[in-house]
Amino acid sequence: MAAPSLVSPERTKAAALASNSTLAPWVTWCHLGRNVFVLDLRLNKFLALDVPTSAAFYEMQSGKRVDDYFVQSFADRGWFDTFQINGNPRAVPWFGSSTIAALTSLVMARRRISKEGFGTALHWALAQSRGKTRSADPIIAFRRAEALVPHVKGDLDCLPRATALFVYLRTVGHDPTFIIGVKQYPFFAHSWIELDGAPVLEADDGPTKLSRFTPILGSTPINSCLIA
């Protein structure tokens, strides 16, 4: 009679994941010093891993075998799962006016982030189709629209502003990049938009100086993924 197996089903699952440890596309991360920082778009949270867990995470993403304990801890967070977004992203209507398009993008971005969370709002933003007519100077219209919408000033407004700006630029025919960056001491996150490789509507100094941030998300992490 064969001896009973001493390997638990949980550890067996972890071992399987360790050999096929591709993260869900809504999980993005970066390495700062000895720590790994994770942006979980399903939970709308940043997570800082401790040094041993960071080392295991980094090795796993480098294709190396790591202890099943760490792999199981990542699996328990749902980082290998797939989730479904309910409903189709609503397109921003085009009325032939850049200012109206910018105003609509600002209102819809703030509403979606407030009611549905950033992960779903980002999925909506990335799903917007690019307009056929490219606006020659879209920034003036966006600034004009911002003056009409009450909003928090400065860094606290960066996420809805970047989401709206991304959607607006897509609507008026451009191909922007959505970026979120983080810095460690003290921890701080900032989101911004780049167009043709250059930041749009960003100050060159102050607490959001972009050279201080390491990108943790760049443009399309969930362009084809499904989120609950």
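The values are calculated or read from the model by the stated rules, or taken from the named source; none is laboratory data. On a predicted model such as this, the values are computed, not experimentally measured, just so you know. Ideal geometry is used to build each Cβ from the backbone, glycine not excepted, and the neighbour counts take in all protein chains shown.
Inspect the stretch 43-64 for any residue being modelled with pLDDT under 85 and buried (at least 20 other Cβ atoms within 10 Å of the Cβ) and give the result as yes or no. No. Residue-level analysis places A14 among those that are at pLDDT below 90, part of a helix (DSSP H, G or I) and more than 14 Å from V182 (Cβ to Cβ). Filtering the stretch 135-142 for residues that are part of a helix (DSSP H, G or I), crowded, with 19+ Cβ neighbours inside 10 Å and either small (G, A, S) or at pLDDT 85 or above (or both) leaves a non-empty set.
Kindly evaluate T82 against the criterion of being at pLDDT below 85 and part of a helix (DSSP H, G or I). No; evaluated as a whole, the condition is false for this residue.
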